[in-house]
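Below you'll find the structure, written out as structure tokens, and then a few comments.
The values are calculated or read from the model by the stated rules, or taken from the named source; none is laboratory data. Everything numeric here is computed off the predicted structure, so don't read it as measured data. All Cβ positions, glycine included, derive from the backbone under ideal geometry; neighbour counts span all protein chains shown. These area figures cover heavy atoms from the full protein model, side chains too; ligands, DNA and RNA do not enter into them. Shrake-Rupley method; radii C 1.70, N 1.55, O 1.52, S 1.80 Å.
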Amino acid sequence: VLAESLVVFAVVLSVHGVVWDRFSWCALALALQAFYAQFKWDRLLQQGGAVFQFRGAANSGLLPASMVIPLLGIVMKERCRAAGIVYFERFGVVVASTGMLLALFLSVLAVGITKPVPTNTCILTGMAGSVIVYTMKHSLAVSEVIEVLEVLLIFVYLSMILLYLLPRCFTPGEALLVLGGVSFVLNQLIKRSLNVVEGRGDPIDFFLLVAVVGVVLLGLFFTVLFLFMDSGTWISSLFFHMMTAVLGLGVIMPWLYRLIQRNPLLWLLHFLFQTQTRLYLLGYWTLLAASACGVVFYQNAKRSSESKKHQASTVTRKYFHFIVVATYVPGLIYDRQLLYVAAVLCLAVFIFLEYVRYFRIKPFGQTLRHLLSLFLDERDSGPLILTHIYLLLGMSLPVWLFPRSCAPKGTLSGAGALVPYSGVLAVGVGDTIASVFGSTMGEIKWPGTKKTFEGTMTAIFAQIIAVALILIFDSSVNLNSSYAWILASVSLVSLLEAYTTQIDNLLLPLYLQIMFMA
């Protein structure tokens, strides 16, 4: 935990060494109090007094999770300020303020339920809260303060519902990232739906917002429904499919139509088949999807009746990382907008299939349970299997969160040009190489972990080679001699991968994106 915290503090200080303003004091105060509050959460998890059931075999992860959203907002604000885009500069301020308030709320919750009340942590949390509130008072307009409080309110209610319905699926830090992100997306969708201006806003952004909120609401609806009826019967399964069609065609489609002012299905078909390049990419991705399914079926066929408890090895699970890299790199080079929309569609399909598996919806629910059980690891301790969804999110978030409006000619200067590649580098290359080489040839272990020195060094070297290949094949990337910063960014994120017990597929790309954007 201490080593992980040191790496996070190094990232925070590195970012604010480049970007220093009034929010820097807030971020440092937040990091310091989150460091202390993290130990209170860890003690609560060990004693079973954390109100909800969180994922075991991991620490709370409060510090690394607390800094992600504030740092993203700060670096986005600076990039958009440099580009002269005032609207998105203010948006970055709102993102940073929201992230700080959500993290502070989670820390106050830990302090409040710890007995006896930790005096020093209370004082530190109060001081950090005072600094953050004072800065927000002098930085945000009234409408922006209301927006921040709306997200906090949504986060509180969403946390109470989902953490109760889905025990052992998240650590407190992962809950902050996932539920905080969903809360922000829901608030943005409501805000934009109430203020629709024809011709304003990119349809692909609206598509992301509606898809995320739609699948979450679908899951909440069926979770509550199946508390009162058996989900494994044919009647329940038929009702599931009918209600999915009704909600999709009767709620989600009209909602999207209101936002983009055109038929969503016709727009999507026209978008997907607009150019010859897109047809080639879609055909190529279909082949890769078929190969991924082939790996699943082949590995299950190898499982003999004598070894039903056999689990897939680390190297086997990393096959999917290689397939994902092969999927994303051509999309990033040739058509990022298509990759953006395809990733949204894939996320919706993944979550829908997880609903089918979790609720045992006929005819495929039980089959999915059997096929995916082979690939479970210690992080899938709850009722949901989330690691493949986290992998998709880790690769897609840098593409979705890339500030296109603040990027002249569609790309940022310097290390910022690598922002869309953050997922590919951190998860697709770094994490994969570290796991494969560390588990097969690693001998020197980092203190207190199972990760090896050889795995980390190989991961750093592989990511540097990947950056060189990106420079060769992607003509839009111009690093402007920012090689030392790239090396430092890759090294810090690789060290974080060695020490964190959180979901690295989700955490690492976001930290690498923050470093590149700074």
Is it true that some residue in segment 325-333 is at pLDDT below 90 and among the hydrophobic types (A, V, I, L, M, F, W, C)? no
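The rows are residues; the columns are (1) over 17 Å from A211 (Cα atoms); (2) surrounded by 12 or more Cβ atoms within 10 Å (Cβ to Cβ).
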position	(1), (2)
F226	yes, yes
D230	yes, no
F240	yes, yes
M243	no, yes
W255	no, yes
L268	no, yes
T277	yes, yes
So in segment 474-518, with the set limited to residues that are outside any helix (DSSP H, G or I), among the β-branched types (V, I, T) and closer than 25 Å to A175 by Cα, which one is nearest to the chain's Cα centre (by Cα)? I503
Inside segment 16-53, can you point out the residues that are touching a residue at least 60 places away in the same chain (Cβ under 8 Å) and under 30 Å from G416 (Cα atoms)? V18, V19, R22, F23, W25, C26, A27, A29, L30, L32, Q33, A34
Determine whether K445 is surrounded by fewer than 18 Cβ atoms within 10 Å (Cβ to Cβ), among the charged types (D, E, K, R) and modelled with pLDDT under 90. yes
Among all residue pairs at least 6 apart or on different chains, which show Cβ distances below 9 Å where the first residue, located in segment 216-230, is farther than 16 Å from L247 by Cα and at pLDDT 85 or above and the second is of a type in the set (F, W, Y) and outside any helix (DSSP H, G or I)? F226/F359
State which residue is farthest from E89 (Cα to Cα) when the search covers only segment 1-27 and only residues that are assigned to a helix (DSSP H, G or I) and among the β-branched types (V, I, T). V7
Considering only segment 437-445, I want to know if a residue exists there that is in contact (Cβ under 8 Å) with a residue 60 or more places away in the chain and not in a strand (DSSP E or B). yes
Please indicate, with yes or no, whether at least one residue in segment 426-434 is touching a strand residue (DSSP E or B) at 6+ places or on another chain (Cβ under 6 Å) and modelled with pLDDT of 85 or more. no
Can you report the number of residues in segment 370-380 which are surrounded by 17 or more Cβ atoms within 10 Å (Cβ to Cβ), outside any helix (DSSP H, G or I) and in contact (Cβ under 8 Å) with a residue 12 or more places away in the chain? 3
Out of F54, F35, F23, report the one residue that is touching a Ser or Thr at 6+ places or on another chain (Cβ under 8 Å) and under 14 Å from T121 (Cβ atoms). F35
Would you say L177 is surrounded by 16 or more Cβ atoms within 10 Å (Cβ to Cβ) and either touching a residue at least 24 places away in the same chain (Cβ under 8 Å) or within 19 Å of A96 (Cβ to Cβ) (or both)? yes
Would you mind finding the one in L425, L471, L418 that is open to solvent by 50 Å² or more (accessible area, probe 1.4 Å) and part of a helix (DSSP H, G or I)? L471
Criterion (in contact with a Pro (Cβ under 7 Å, 6 or more places away or on another chain), open to solvent by 10 Å² or more (accessible area, probe 1.4 Å) and among the aliphatic types (A, V, I, L, M)) met by exactly one of L393, L401, L384, L397: L397
Name every residue in segment 474-493 that is open to solvent by 10 Å² or more (accessible area, probe 1.4 Å) and either of a type in the set (K, R) or within 18 Å of L2 (Cα to Cα) (or both), in order of residue number. S491, L492
